[in-house]
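Everything below concerns the one structure shown next.
The values are calculated or read from the model by the stated rules, or taken from the named source; none is laboratory data. Just so you know, these numbers come straight off a predicted model, no measurement behind them. Methodologically, a virtual Cβ is constructed for each residue, glycine included, from the backbone with ideal geometry; neighbour enumeration extends over all protein chains shown. These accessible areas exclude ligands, DNA and RNA; they are computed on the full protein's heavy atoms, side chains included. Shrake-Rupley method; radii C 1.70, N 1.55, O 1.52, S 1.80 Å.
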Amino acid sequence: LTCFAKMAGASADVSEDQGPDTEWSILYRTGLLSNLNLVEARRCRSVCSNWTRLSSVARDPCDELRDGLPGGLSQPVMEALWAEDLGDHRGQAWKELLLGGITLQQRAGTPQDDYAKLCDRTSPFDSAIRRDVHRTLPQEELFRERQGKGQLALFRLLRALAIRLEDVGYCQSLNFVVATLIGVFPEDESVVFNCSLALLLRHSLVDLYRPNFPKLGVIIWQFDRIVEGFLPKVHEALTMHGVNSEYYAIQWFLSLYASDLPQPVVRRIWDRFLVAGWRIIVQIGLALLCDIQDELERIDTCVALSYLKKFAQTRKYDPEKLLRTASSFKVSHRLLSALEAAYNWEDDAQLTVVKDLSTQQVHWAVQAVPRAPPTSVPQAGEEPAVPIPRAFCRGSAGAAVHADMSPADDRNEGNVLPFLVRNLDTGETGILKKAFVQYKNEIHRQAQARAGPVVRKASDGYF
């Protein structure tokens with residue numbers, strides 16, 4: 001090590017008794033990091049405390065990037081992927097980030113068999129997969145032809161994944177995830193299969209698709225709190241319309257935006273997601289909502305319900321501008337972890353975000369707040385609030401059931417799912433507007449009946 005440090009340090013005067021700190025510092029200053037690929041760097045960090053300590057202070061000049069790099073490493077491949085669209089070179093970078101340093105187990109005759117054998121087996125999900133394949137990214141030339149190369153590859157890959165991940169099987173939205181990878185690796189299905197597995201397992205995305213979607217409930221609740229903290233204007237408008245992120249964002253998160261945004265935009269989002277993790281997905285969601293916050297206040301509820309489902313598909317986004325807007329929301333993994341812990345609190349939780357105008361630093365706090373009653377008592381001249389529908393309840397310790405309301409009442413009062421209609425030919429979800437309006441009116445009537453007569457104050461001119 002000393003000899004190598006002397007060679008690397010060139011003119012630096014290194015003696016035997018200067019200790020390993022000096023030697024490692026010389027190696028670090030002379031650019032050793034830039035000569036290692038991601039796999040080699042990970043191996044060094046796993047066996048050497050000096051490397052871990054030195055690499056942890058490798059801070060990139062770009063503030064938004066430095067907190068995203070795993071372990072603080074400033075690897076050229078990640079810097080390039082973060083900064084610009086790599087085009088045809090993207091595939092190599094994605095392979096290195098997804099498959100570097102791991103070995104996917106293979107056992108013949110089991111669900112862990114190799115891809116060539118898995119894709120030829122019959123799966124109980126074949127009919128559902130076939131139905132979704134034909135409506136996956138039809139705007140992309142690769143998937144436009146019925147029974148064409150892209151559609152056949154997508155079917156085989158989804159079938160193989162359903163067999164390999166037998167505890168998950170097939171879930172809608174996986175078709176968009178795998179189709180995006182096919183677009184990057186159109187000539188190698190085996191690489192797509194391995195990258196799909198690595199994406200689902202390394203980033204814990206597989207937990208989003210498990211039966212009953214336990215992880216999805218957490219991130220949806222988490223995103224609602226983040227919207228409330230960073231975009232209070234949007235939160236107020238959504239509350240006014242009686243919806244939350246369960247209504248508009250589930251497909252965003254399950255497909256990593258591939259179901260709603262054009263592929264060039266999705267690939268740039270994934271570039272940063274593969275570098276910095278889930279916080280990028282959250283930041284993009286905030287950027288999309290920030291772009292429509294004025295419209296949300298002006299439109300009525302029925303229009304808003306349709307608009308929230310489709311606006312990301314119909315608006316045009318410049319990838320780099322969207323990423324710049326997203327990076328302005330200082331969401332960190334520490335913040336996400338704090339909210340995930342708060343998900344199991346007995347009390348409700350609120351995220352408070354404050355920006356110091358003198359230093360431009362953002363400070364946040366997650367605080368417990370008393371649970372609000374299911375329906376607040378209306379004040380003079382106010383209409384009772386419509387309870388926001390929720391498909392997911394917080395865990396048993398924090399289940400959203402009020403003390404004087406039975407679980408059955410809670411389910412009946414907040415379930416919007418019966419008003420949603422899924423078109424199996426187009427894959428679009430609509431809402432029964434007339435029935436939903438009747439539902440709102442009935443909720444108002446029930447809330448008024450529970451609240452009793454409104455007591456007016458003498459100061460309001462009534463006695």
request  = Would you check if GLN172 is surrounded by fewer than 19 Cβ atoms within 10 Å (Cβ to Cβ) and either free of Cβ contacts under 8 Å to residues at least 60 places away in the same chain or in contact with a strand residue (DSSP E or B) (Cβ under 8 Å, 6 or more places away or on another chain) (or both)?
outcome  = no
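One line per residue, one yes/no per condition, for (1) in a helix (DSSP H, G or I); (2) of a type in the set (D, E, K, R); (3) open to solvent by 10 Å² or more (accessible area, probe 1.4 Å):
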position: LEU104; (1), (2), (3): no, no, yes
position: GLY109; (1), (2), (3): no, no, yes
position: LYS117; (1), (2), (3): yes, yes, yes
position: ARG131; (1), (2), (3): yes, yes, yes
position: ARG135; (1), (2), (3): no, yes, yes
First in segment 74-100 and over 19 Å from VAL178 (Cβ atoms), second anywhere and hydroxyl-bearing (Ser, Thr, Tyr), Cβ under 9 Å, 6 or more apart = SER74/SER34; SER74/SER55; GLN75/SER34; PRO76/SER34
query = Looking only at segment 165-185, which residues are modelled with pLDDT under 95 and either over 20 Å from the mean Cα position of the chain (by Cα) or part of a helix (DSSP H, G or I) (or both)?
reply = LEU165, GLU166, ASP167, GLY169
request  = Find all pairs meeting these conditions: Cβ atoms under 8 angstrom apart; at least six residues apart or on different chains; first residue within segment 181-206 and under 17 Å from ARG159 (Cβ atoms); second residue of a type in the set (S, T, N, Q).
outcome  = LEU181/SER196
task = Within segment 223-272, work out how many residues are in a helix (DSSP H, G or I), touching a Ser or Thr at 6+ places or on another chain (Cβ under 9 Å) and either more than 18 Å from THR325 (Cα to Cα) or among the basic types (Lys, Arg) (or both).
result = 12
ask   = Would a scan of segment 208-226 turn up a residue that is surrounded by fewer than 19 Cβ atoms within 10 Å (Cβ to Cβ) and acidic (Asp, Glu)?
value = no
ask   = When you go through SER327, SER358, SER332, SER337 one by one, which is the residue that is over 19 Å from ALA237 (Cα atoms), open to solvent by less than 30 Å² (accessible area, probe 1.4 Å) and small (Gly, Ala, Ser)?
value = SER327
remark   = So, first residue part of a loop (DSSP other than H, G, I, E, B) in segment 345-359, second residue surrounded by fewer than 10 Cβ atoms within 10 Å (Cβ to Cβ), Cβ within less than 8 Å, six or more apart or across chains; the pairs are TRP345/ALA397; GLU346/ALA397; ASP347/PRO370
query = What are the residues in segment 214-271 that are closer than 23 Å to LYS330 by Cα and of a type in the set (Phe, Trp, Tyr), if any?
reply = TRP221, PHE223, PHE230, TYR248, TRP252, PHE253, TYR257, TRP270
note = Looking across segment 269-280 at residues that are open to solvent by less than 10 Å² (accessible area, probe 1.4 Å) and closer than 14 Å to VAL177 by Cα, the single one that is farthest from the chain's Cα centre (by Cα) is ASP271
